[in-house]
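Okay, so here's the structure we're looking at.
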Amino acid sequence: MIKLDKSKLGKLNRINDKLDSKYGKKGTPQRDEFDSKSVSWYYGEIFRDRRKTLKLTQKELADKVGKERSYIGRIEKGSTDMQLSSFISIARALGLDLTLNIQGE
């Protein structure tokens, strides 16, 4: 088993420190905007990967959910904020199961 040198670990940059310096601390408008864009990008990646796995085009997916192809493209790029109803419609059209995880219970 490899032992880690704690003195070296303490010198490593932490991702939150990097984010704090570039986008501000959590709760600031700049950091909130970054976090929001990150989440949009993350879900766009999931949707795009699943769509490609199913061998659907953006147009075919858009037709299934009653949206424009360009809207699906913006979602996949993470460049638009979607309503919850659109999120659910797209997830269902892609055969993704949504599970709620309630914290604190």
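The values are calculated or read from the model by the stated rules, or taken from the named source; none is laboratory data. What you are looking at is a predicted structure, and each value in this text was computed from that prediction instead of being measured. No Cβ is skipped: glycine too gets one built from the backbone with ideal geometry, and neighbour counts run over all protein chains shown. Quick note on the areas: whole protein, heavy atoms, side chains included, nothing else; ligands and nucleic acids left out. Shrake-Rupley method; radii C 1.70, N 1.55, O 1.52, S 1.80 Å.
Dividing the convex hull volume of the alpha-carbon atoms in segment 39-78 by its residue count gives 51 Å³ per residue.
Element breakdown for segment 1-94 at a 1.4 angstrom probe: carbon and sulfur atoms account for 54% of the accessible area. For the chain, relative contact order (Cα pairs under 8 Å, six or more residues apart, normalised by length) works out to 22 percent. Were the residues from Lys64 through Lys22 laid out at 0.36 nm apart, the gain over their Cα-Cα distance would be 11.1 nm.
Under 20 Å from the Cα of Lys8, which lysines turn up, not counting those fewer than eight places away in the same chain? Correct list for Lys8: Lys18.
FRET efficiency for the pair Glu33 and Lys3, taken as 1/(1 + (r/R0)^6) with r the Cβ-Cβ distance and R0 = 30 Å, rounds to 0.15.
Give the value in nm², to one decimal: projected area of the alpha carbon convex hull of the chain, averaged over all directions.
Computing the convex hull of the Cα atoms and averaging its projections yields 11.0 nm².
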